[in-house]
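Some notes on the structure that comes next.
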Amino acid sequence: MKKSSGTALGSRGFDDSSLIEEYHKLNFTILKEKLESPLPTERTAAARVLSNHKTDECAQMLAEALIKETKLYSKIAISESLGTLGIISLKYLLPLLGKIGTNQHKTIPEEKFRKKSFPLPRDIVSRTITKIGEEALAPLEEFIMSEDESAVSEALDAYGFIHFYGNNKRDSSFLIKIYGRTQNLMIKWKIIRALESFADNETVNLLEKVLKDKTCTILHKEAERSLTQIKRIKEKNI
């Protein structure tokens, strides 16, 4: 495979270390202007350095930039800086769930995800929220309880991912509650996927119940996968 040239990478906003170093000397007002630059490398550098300005204004500005950005590396830089800003970014990110791009799951995949790791969210906003970490869990629960189904679907990806890689003490009762009250198969599938991080009896009972339900076989593969993961957790803790 042919490697991308420097010009091609630059046109996609690839990180320029010397430019980033230079931008560390700029004040917030100038960085704000650079985030609107027609040059992708300048937008990337500005996004990287803006992560040092941990303010609401900066979080809002980066979230708005994430909506508009079309270049790969610039979008990655914006996403990572929003994650670095942490919990102050969340109120600007939550309303954007499921609304940027078209990469989100629209139908339940027929093939079972075979890796032992938790699937990385396809939605750019959900993926950004995972970078905030466990601080985002309680606000995500509140959001999931109150929002429309398309946004909830993407929020569940972030929720499951953070649980899988975190050390929080929450149990599965919240996910089981949401499962019981929804008829949306995509949301049920996302919940089944997220339940793989919980080894309690309630989770196992629900997943086994799903497998016995012959009217909903589309959920069986993911339920099997989550039960396999739970078995690994139990074996690890013996």
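The values are calculated or read from the model by the stated rules, or taken from the named source; none is laboratory data. Nothing here was measured: the structure is a model prediction, and the numbers come from that model. All Cβ positions, glycine included, derive from the backbone under ideal geometry; neighbour counts span all protein chains shown.
Scanning the stretch 52-68 for residues that are without any contact (Cβ under 8 Å) to a residue 40 or more places away in the chain and either crowded, with 20+ Cβ neighbours inside 10 Å or under 13 Å from the mean Cα position of the chain (by Cα) (or both) yields C58, A59, M61, L62, A63, A65. Restricting the stretch 6-22 to residues that are aliphatic (A, V, I, L, M) and at pLDDT below 95 leaves a set whose member that is nearest to the chain's Cα centre (by Cα) is L9. Of the listed requirements (1) surrounded by fewer than 17 Cβ atoms within 10 Å (Cβ to Cβ); (2) more than 30 Å from T228 (Cβ to Cβ), E110 misses just one: (2). Among the residues here, K25 qualifies as of a type in the set (K, R), over 26 Å from the mean Cα position of the chain (by Cα) and assigned by TED's automatic domain parsing to the domain that holds K75.
If we scan the stretch 35-44, do we find a residue that is crowded, with 22+ Cβ neighbours inside 10 Å and part of a loop (DSSP other than H, G, I, E, B)? Yes, there is a match, as at least one residue in the stretch 35-44 is crowded, with 22+ Cβ neighbours inside 10 Å and part of a loop (DSSP other than H, G, I, E, B). Among the residues making up the stretch 119-152, those that are over 19 Å from I88 (Cα atoms) and either over 11 Å from the mean Cα position of the chain (by Cα) or surrounded by fewer than 17 Cβ atoms within 10 Å (Cβ to Cβ) (or both) are P119, L120, R122, M145, S146, E147, D148, E149, S150, A151, V152.
Looking only at residues of the stretch 220-238 that are surrounded by 12 or more Cβ atoms within 10 Å (Cβ to Cβ) and aliphatic (A, V, I, L, M), we find that the one that is farthest from L195 (Cα to Cα) is I233. Going by what's in this entry, would P109 be described as without any contact (Cβ under 8 Å) to a residue 24 or more places away in the chain and outside the structural domain of K221 (by TED's automatic domain parsing)? Considered against the rule, which asks whether it is without any contact (Cβ under 8 Å) to a residue 24 or more places away in the chain and outside the structural domain of K221 (by TED's automatic domain parsing), P109 comes out as yes. For the stretch 186-238, the set of residues classified as among the hydroxyl-bearing types (S, T, Y) and within 26 Å of the chain's Cα centre (by Cα) consists of S197, T203, S226, T228, listed by residue number. Of the residues E196, E202, the single one that is in the same structural domain as Y159 (by TED's automatic domain parsing), touching a Ser or Thr at 6+ places or on another chain (Cβ under 8 Å), crowded, with 19+ Cβ neighbours inside 10 Å and assigned to a helix (DSSP H, G or I) is E196.
Tallying residues that are without any contact (Cβ under 8 Å) to a residue 60 or more places away in the chain, crowded, with 20+ Cβ neighbours inside 10 Å and among the hydrophobic types (A, V, I, L, M, F, W, C) within the stretch 77-96 yields 6.
Of the numbered criteria (1) over 23 Å from the mean Cα position of the chain (by Cα); (2) of a type in the set (D, E); (3) under 30 Å from I88 (Cβ atoms), the one D157 fails is (1).
Just give me the residues in the stretch 54-72 being among the acidic types (D, E) and either part of a helix (DSSP H, G or I) or within 9 Å of I88 (Cα to Cα) (or both), in sequence order. D56, E57, E64 - these are the residues of the stretch 54-72 that are among the acidic types (D, E) and either part of a helix (DSSP H, G or I) or within 9 Å of I88 (Cα to Cα) (or both).
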